Ligand SMILES: Cc1cc2nc3c(=O)[nH]c(=O)nc-3n(C[C@H](O)[C@H](O)[C@H](O)COP(=O)(O)OP(=O)(O)OC[C@H]3O[C@@H](n4cnc5c(N)ncnc54)[C@H](O)[C@@H]3O)c2cc1C
């Protein structure tokens, strides 16, 4: 089955994701950058951020424009995957499956990797400022992923934010948070472990529900006197609701309590109590997932807007992925303001699409917008291994609303073959191979 066949709809419902993304865009000011006078023989493409989007873009632009000089600027020393990190928390894969080398990715695909943090921009002179010095570019891409928007929940209380970061990290940005959460789960003996789902277009819609299932499964398999309390700021499960609801009800009665409409409004950490609009919940342990936002660097550079989803997202043109007002600065991945799912496959395919746009710009050709593809496979239990999935593309209406387009879901975890075929691991392995090795 090819990609287009796969996304042929079996659902007649088209989910409206928003109406305001494009309406919020400011009118484009005059382009601000100064390009090199003559067309460069070896156009310099600088990609900031080596996540799912940046890696795909760096590889693709080099493939589409072999004469280009592509540089990946990434602050991390190695790649660690968020996808499949939930199964990793429960020992279903090892850390080697999730971690990969930027050096290999760059060597295998003919681009350069600079381990550095981008700190500023001189767009008039096409210079990116980094912790290892200035880097000149002809085309620049920001693929920075997300930061947490704690302020939305803590109302700017920095001490509370610090307590939450140190003691109850969410583990939705890879690294130490994940290692801490894994040890917390290993050390948890009994009681209530609280997870939450934030409001807005947060990173990876199914991940909190998948994590809740696997944690409940862990309690059940080990016959622990423990339950997961899942506090959802939304009024319903945000994706694959049939599959997750049926897993909650049929597999995890007594081990998983799901509470919709439960945004955490106050934290009483001393008494281990969380206050929502209607209730108070006590916890024995907790992993707090705040709302998300585009990184502060973009805000400082004046490159963000507020959308209906989140308070800070990249101010991108929805068709070219160029920052509004700029001709040679692009953005992709979870920073985007469009209502796409903030997920790995979406970021990866968008990276390829934006590479096509850059190649067309370099070659002076026209490029037609293509939708990214969301492939979203979630585990609902470990033993037996059971999975549910969703595949979709997107479309816009005239006002810029984002819609799912050609959505296919398989939420029948009891009878489908996804789990038997380890679809999630197969998908992830294929993308790691593509981003790093082949
Ligand atoms: C628990 C969990 C499970 C998930 N499961 C799935 C799944 O099963 N399927 C799926 O499709 N998606 C999944 N996702 C979502 C997926 O991980 C993200 O959507 C994806 O990583 C987004 O890619 P990105 O390139 O936009 O951002 P990222 O992958 O976060 O990459 C951004 C990169 O930019 C770098 N960076 C940031 N600022 C700077 C700077 N100033 N200078 C230099 N570098 C910088 C960061 O270090 C990072 O490497 C999951 C996420 C989580 C948290």
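The values are calculated or read from the model by the stated rules, or taken from the named source; none is laboratory data. As the structure is a prediction and not an experimental result, all values here were calculated from the model. Cβ coordinates were reconstructed from backbone atoms using ideal geometry, including for glycine residues, and neighbour counts include every protein chain displayed.
Quick rundown of the values:
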item	result
Helices (runs of 4 or more DSSP H) wholly inside segment 175-254 containing at least 1 residues that are within 13 Å of the ligand (Cβ to nearest atom), modelled with pLDDT of 95 or more and within 25 Å of residue 96 (Cα to Cα)	176-187, 207-221
Sole exception among (1) in the same structural domain as residue 196 (by TED's automatic domain parsing); (2) more than 22 Å from the chain's Cα centre (by Cα); (3) in contact (Cβ under 8 Å) with a residue 60 or more places away in the chain for residue 287, by number	(2)
Selected residue [within 15 Å of the ligand (Cβ to nearest atom) and touching a helix residue (DSSP H, G or I) at 6+ places or on another chain (Cβ under 9 Å)] from 428, 423	428
Single match in 244, 267 (criterion: touching a helix residue (DSSP H, G or I) at 6+ places or on another chain (Cβ under 7 Å), closer than 26 Å to residue 192 by Cβ and crowded, with 24+ Cβ neighbours inside 10 Å)	244
Checklist (1) within 24 Å of the chain's Cα centre (by Cα); (2) within 13 Å of the ligand (Cβ to nearest atom); (3) surrounded by fewer than 21 Cβ atoms within 10 Å (Cβ to Cβ) applied to residue 154, failing item	(2)
In segment 92-104, residue nearest to the ligand (Cβ to nearest atom) [restricted to those that are more than 25 Å from residue 341 (Cα to Cα) and out of contact with any helix residue (DSSP H, G or I) (no Cβ under 9 Å at 6 or more places or on another chain)]	103
Selected residue (only one of 337, 372 is surrounded by 19 or more Cβ atoms within 10 Å (Cβ to Cβ) and touching a strand residue (DSSP E or B) at 6+ places or on another chain (Cβ under 6 Å))	337
Top-ranked residue in segment 43-60 [being more than 7 Å from the ligand (Cβ to nearest atom) and buried (at least 24 other Cβ atoms within 10 Å of the Cβ); ranked as farthest from residue 173 (Cα to Cα)]	45
